[in-house]
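J.: So that we are looking at the same thing, I have put the structure below in structure tokens.
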Amino acid sequence: MEKLKILVVDDEARMRKLVRDFLVKNNFEVIEAEDGQRALDIFFEEKDIALIILDVMMPKMDGWEVCREVRAYSKVPIIMLTAKTEERDELQGFELGVDEYIGKPFSPKILVARVEAILRRTSQTTSDEIIEAGGITINKAAHNVIIDGKEVELSFKEFELLTYFIENKGIALSREKILNNVWNYDYFGDARTIDTHVKKLRGKMGEKGDLIKTIWGMGYKFEV
């Protein structure tokens, strides 16, 4: 089986080696970039990058800029690494389409677990299952969403979130349950992570965004 290719972007050689060693041990192919500009060059040259692990603070071009450039062309999953732990930085990352956010210092084993969780969920969408509710059609194989006959561009996490809502339509879902199922790990951060994603998702869904109901003090419910 062909190894999945991961792009690791960090200006610290020691950090790149740490991440690379753990990923290689878990049967991934790793390509390294020491700055943001080099990362973009590699990304557009290689074409088959499965996931990007991206540091925020780098010379030439920082992680935010790299993320914006990549998101203009691709939905490839992005894990952002940062030494900053302020909430506004985390929310900015999610606004830009970051799929996971890990603060330094971190456990390499946890990083690998999150990489595997994202890629596992990505590969699960290779089934030909199509789900539909309230004029919204999700094609898991094509990884696309059609709303009232028009395709809507969603990030990886927005797609997973909408799929989870529709598969559980009519059921009240707590933020904790959504985090554990969509993010696929026990999340210890602020529940506003979910609110940020729901806000963006509703915006992209237009009038259909109203199908995602807020249950105050608890979470959300998709209701047709």
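J.: So the check is Cβ under 6 Å with 6+ separation or different chains; which pairs have a first residue in segment 27-40 that's closer than 13 Å to Lys17 by Cβ and a second one that's among the acidic types (Asp, Glu)?
T.: Close Cβ pairs satisfying both conditions: Glu34/Asp11.
J.: Still on this structure: Looking at segment 131-146, which of its residues are touching a Lys or Arg at 6+ places or on another chain (Cβ under 7 Å) and surrounded by fewer than 20 Cβ atoms within 10 Å (Cβ to Cβ)? Can you show your working first?
T.: At the first step, the residues of segment 131-146 found to be touching a Lys or Arg at 6+ places or on another chain (Cβ under 7 Å) are 133-136.
Scanning segment 131-146 gives Ala133, Gly134, Gly135.
J.: Here is a list of conditions, (1) small (Gly, Ala, Ser); (2) modelled with pLDDT under 85; (3) outside the structural domain of Arg14 (by TED's automatic domain parsing), and Gly97 meets all of them except one; can you say which number that is?
T.: (3)
J.: Glu176 fails exactly one of the following numbered conditions: (1) at pLDDT below 90; (2) part of a loop (DSSP other than H, G, I, E, B). What is the number of that condition?
T.: (2)
J.: Okay, next question. Given Gly170, Gly189, which one is small (Gly, Ala, Ser), in a loop (DSSP other than H, G, I, E, B), at pLDDT 90 or above and not assigned by TED's automatic domain parsing to the domain that holds Asp99? If you could, list the steps in order and put the result at the bottom.
T.: On the way: Gly189 fails: at pLDDT 90 or above.
Of the residues listed, the single one that is small (Gly, Ala, Ser), in a loop (DSSP other than H, G, I, E, B), at pLDDT 90 or above and not assigned by TED's automatic domain parsing to the domain that holds Asp99 is Gly170.
The values are calculated or read from the model by the stated rules, or taken from the named source; none is laboratory data. Because the structure is a prediction, the values reported are computed rather than measured. Reconstructed Cβ throughout: ideal geometry from the backbone, glycine too, with neighbour counts over all protein chains shown.
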